[in-house]
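Read the structure below first, then the notes.
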Amino acid sequence: MPWRFYCVSPEDRAPALSKMPKLKTKSGAKKRFKLTATGKLKAGVAGKRHRLISHNGKYIRQQRGTKVMSASDSKTIKSYLPYGL
């Protein structure tokens, strides 16, 4: 189909070829993490899906909500989110 190359002028084609490709965001990371206003990462706490009857009440209460990720984990996770959230 050589006709498709004649539909677009060379001037329109040139800028698209000179740009760097966009970086893809890891889809799992964008579903699991949120950024705070200060730039830290929040994530849901693990261990609260099932088998909670074997844990005591204090453990279950402390696992509610979200927690701020550690600095070392945040560095890795932020590489999965090139444009933030």
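No value in this document is a laboratory result; all are computed from the given coordinates. On a predicted model such as this, the values are computed, not experimentally measured, just so you know. Cβ: placed from backbone, ideal geometry, glycine included. Neighbour counts: every protein chain shown.
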**Study point:** At most 10 other Cβ within 10 Å, DSSP loop - trypsin sites (Lys or Arg not before Pro), segment 43-85
**Key:** ARG49, ARG51, ARG64
Point to revise | Restraint check, LYS24/LYS48; LYS30/LYS67; LYS26/LYS75, Cα-Cα greater than 23 Å | key: LYS24/LYS48
Review point. Between LYS31 and LYS58, 0.36 nm times their residue separation minus their Cα-Cα distance comes to what?
Key: 6.9 nm
Revision key, fill the gap. Amide H neighbours of THR25 at under 5 Å, excluding residues fewer than 5 places away on the same chain, with H built from the backbone geometry, are none
Exercise for review: Taking the Cβ of LYS42 as the centre, find all other residues whose Cβ is under 11 Å away and add up their charges (Lys, Arg: +1; Asp, Glu: -1).
Suggested key: +4
Review point. Can you pull out the chymotrypsin sites (Phe, Trp or Tyr not before Pro) in segment 28-85 that DSSP calls coil and that have at most 16 other Cβ atoms within 10 Å?
Key: TYR83
Review point. Using unit Cβ charges (K, R positive; D, E negative) and no other charged atoms, how large, in debye to the nearest 20, is the dipole of segment 25-85 about its Cα centre?
Key: 180 debye
